[in-house]
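Everything below concerns the one structure shown next.
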Amino acid sequence: MEKPRSIKEMKNHLKYGKITLRALEPEDIDLLYQWENNMEIWEVSNTKVPFSKYILAEFLKESAKDIYTLKQLRLIIQNEKKEPVGAVDLFDFDPFHLRAGVGILIHNKNEREKGFASDALTVLSNYAVNVLGLKQLYANISAENQASVQLFEKAGFEKGGIKKEWIKIRDGWKDELFYQKILS
């Protein structure tokens, strides 16, 4: 299947290339429990404590509300076999200033560098501009996370600044980069 040359050519706002984005389902609780409690990714998700299945079940119930109420949206990234490979979040949704933050996870290291995250950012940008009417998306990325820097730059995000010594870690501080994409 040939990929559309531009976001405006995309007819299905939640499908692009190798992936489809879908809403959270109650059956995703075990997957979320595994992902959210993986301490290896806590630093990038700013998590400090484990999540219980009860808390995640409540999150799943709340996720049925719309983005204008919750100011956030999590979508599951599915591969062509309809297997979940990750998640993408819109957060800090601001319908007045027409912007939102973006977070993305491809959980299994064996599924990374296959184009899933890149396709997810493309389809999310399409959804943000053509469905939600947003003007811009932004991401906060640890300066040491070169894979994410490359991913977001490839997706058209530009570095807007550096937050010096922004992230506290066990043995010091890390800088955080601010990336932004103007959609329209």
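The values are calculated or read from the model by the stated rules, or taken from the named source; none is laboratory data. Every value quoted in this text rests on a predicted model; they were computed, and no experiment measured them. Every residue, glycine as well, gets a Cβ built from its backbone with ideal geometry; the counts of neighbours run over all protein chains shown. For accessibility, only protein heavy atoms count, side chains too; no ligands or nucleic acids. Shrake-Rupley method; radii C 1.70, N 1.55, O 1.52, S 1.80 Å.
Does G156 satisfy the criteria of being under 27 Å from I29 (Cα atoms), open to solvent by less than 50 Å² (accessible area, probe 1.4 Å), of a type in the set (G, A, S) and touching a residue at least 24 places away in the same chain (Cβ under 8 Å)? Explain how you work it out, then say what you get.
Details: under 27 Å from I29 (Cα atoms): no; open to solvent by less than 50 Å² (accessible area, probe 1.4 Å): yes; of a type in the set (G, A, S): yes; touching a residue at least 24 places away in the same chain (Cβ under 8 Å): yes.
No; evaluated as a whole, the condition is false for this residue.
Residues to consider are Y54, Y127, Y68; find the one that is aromatic (F, W, Y), within 21 Å of L14 (Cα to Cα) and open to solvent by 80 Å² or more (accessible area, probe 1.4 Å). Before the answer, list the steps.
Working: Y54 fails: within 21 Å of L14 (Cα to Cα); Y127 fails: open to solvent by 80 Å² or more (accessible area, probe 1.4 Å).
Among Y54, Y127, Y68, only Y68 is aromatic (F, W, Y), within 21 Å of L14 (Cα to Cα) and open to solvent by 80 Å² or more (accessible area, probe 1.4 Å).
The residues on offer are S118, S52, and the sole one that is of a type in the set (S, T, N, Q) and in contact with a Leu (Cβ under 7 Å, 6 or more places away or on another chain) is S118. Could you grab me the full set of residues in the range 101-114 that are surrounded by 15 or more Cβ atoms within 10 Å (Cβ to Cβ), of a type outside the set (V, I, T) and over 17 Å from E40 (Cβ atoms)? Across the range 101-114, the qualifying residue is only G101.
The set of residues from the range 21-42 being under 18 Å from Q78 (Cβ atoms) and among the aromatic types (F, W, Y) comprises just one member, W35.
Restricting to the range 75-88, name every residue that is open to solvent by 50 Å² or more (accessible area, probe 1.4 Å) and touching a residue at least 12 places away in the same chain (Cβ under 8 Å). Give the derivation first.
Going residue by residue through the range 75-88, those that are open to solvent by 50 Å² or more (accessible area, probe 1.4 Å) are 80-84.
E80, K82, P84, listed by residue number.
Please enumerate the residues belonging to the range 166-184 that are part of a strand (DSSP E or B), open to solvent by 60 Å² or more (accessible area, probe 1.4 Å), farther than 19 Å from F91 by Cα and not aromatic (F, W, Y). Matches in the range 166-184: K168 only.
Of all residues in the range 137-153, those satisfying the criterion of being open to solvent by 30 Å² or more (accessible area, probe 1.4 Å) and over 13 Å from L121 (Cα atoms) are N140, A143, E144, N145, Q146, A147. There is no residue in the range 89-100 that is closer than 13 Å to D28 by Cβ, in contact (Cβ under 8 Å) with a residue 24 or more places away in the chain and either of a type in the set (D, E, K, R) or exposed (fewer than 14 other Cβ atoms within 10 Å of the Cβ) (or both).
So which helices (runs of 4 or more DSSP H) stay within the range 66-165 end to end and still have 1 or more residues that are more than 20 Å from L21 (Cβ to Cβ) and under 13 Å from the mean Cα position of the chain (by Cα)? If you could, list the steps in order and put the result at the bottom.
Working: elements: 67-70, 116-130, 146-154.
It comes to none.
Which residue out of E62, E43 is at pLDDT below 95, under 19 Å from the mean Cα position of the chain (by Cα) and loosely packed, with under 15 Cβ neighbours inside 10 Å? The match here is E62. Quick check on my filter: what residues within the range 86-108 are under 16 Å from V129 (Cβ atoms) and of a type in the set (D, E)? Listed by number, the list holds a single entry, D94.
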